[in-house]
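Structure first, commentary second.
Every number here is computed from the coordinates shown, using simple stated rules; none is lab data. This structure is a prediction, so every number in the text was calculated from the model and none was measured. All Cβ positions, even for glycine, are placed from backbone atoms using ideal geometry, and neighbour counts span all protein chains on display.
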Amino acid sequence: MPRNNALNLSAGLLSVIVAVLLVMIKLWAFGSTGALSVAASLADSAMDLMVSLAGLAAITYAAKPADEDHAFGHSSAEDLAALGQSLFLLVSAVVIAVAAIGRLMAQTPPTLMQEGRGMIAMGLSVLLTGALVIWQRRVVRQTGSRVVRADSLHYVSDLIPNVGAILSLWVSARFGLGSVDSVVGLAAAALLGAGALRIGKGAWDALMDRRADPRMIADIHGLAKGWPGVHGVHDLKTRTAGSVVFVNIHIELDGEQSLRNAHAISAALRRAILKAHPNTDVMIHKDPLGDMPHPDDPTKKNTPP
């Protein structure tokens, strides 16, 4: 595990370093060209920096145990950060979209400057992003970290607006069509907005204790139902906080066996669930087979369809 923690930390640190470099490069490129497509890519890189910092914090806090004030850990901080990130991204998308529409409606087409510098800067951004993604994918294969995997997917999606910015700059330099930049900027703003809504929805769902992925729930239910010694499964409940899924499940066991044997069955099942779904916190309640619920017990037996 120490090696896995070190690999995850290296991926998080490298992500932050690359994000800082990308913001600096694109700030220079935007100042040189005035291209909205570059501005959209700059806003996305600024978002990447925030995401990378949050990811690094998540990796750092992953080894921190729950404390007296936070018995279930601190993973919900990831969701609060994600809401802030989605708001920042939405505002950036709106600003870029308004500017792009204004340029498209202007009587005089916009004139871009020093497109060559912009293309060099964006090309360098693509190379840095590609190198980071390669390392992140390697770390994910070694550690299975969902934080690193999510960060990697985010950077892969950044390659599209970067390439679009290079294309718009090339068209402007080759054919003098500055309006192409506005079209690319508008498309990039739409992608930014869609990404913001997706991130915001995921964070909101987690903060509202939405259940985990139905496929994950069905897999856990099937694993428990077919486990040796388990005669029934009910009240399987899940909720998500950050990158952690909390699982509560009731299993029905032979009430005539010893407590030691019953504990061994549930402990082995818990290990199997954790192995199949590493980022989970599993709590298993043992019920004797055939036990009738007490009239005052409000719990209803819930099982996945």
- Residues whose placed amide H lies under 5 Å from that of GLN257, excluding near-sequence neighbours: none
- Could you calculate the FRET efficiency of MET208 with ASP297 from 1/(1 + (r/R0)^6), where r is the beta carbon distance between them and R0 is 25 Å, rounded to 0.05? 0.45
- Note on the structure: HN-Hα couplings for segment 187-203 via Karplus (6.51, -1.76, 1.60; θ = phi - 60°), in whole Hz with x for Gly/Pro, come out as 5, 5, 4, 5, 5, 4, x, 4, x, 5, 5, 5, 5, x, 5, x, 5
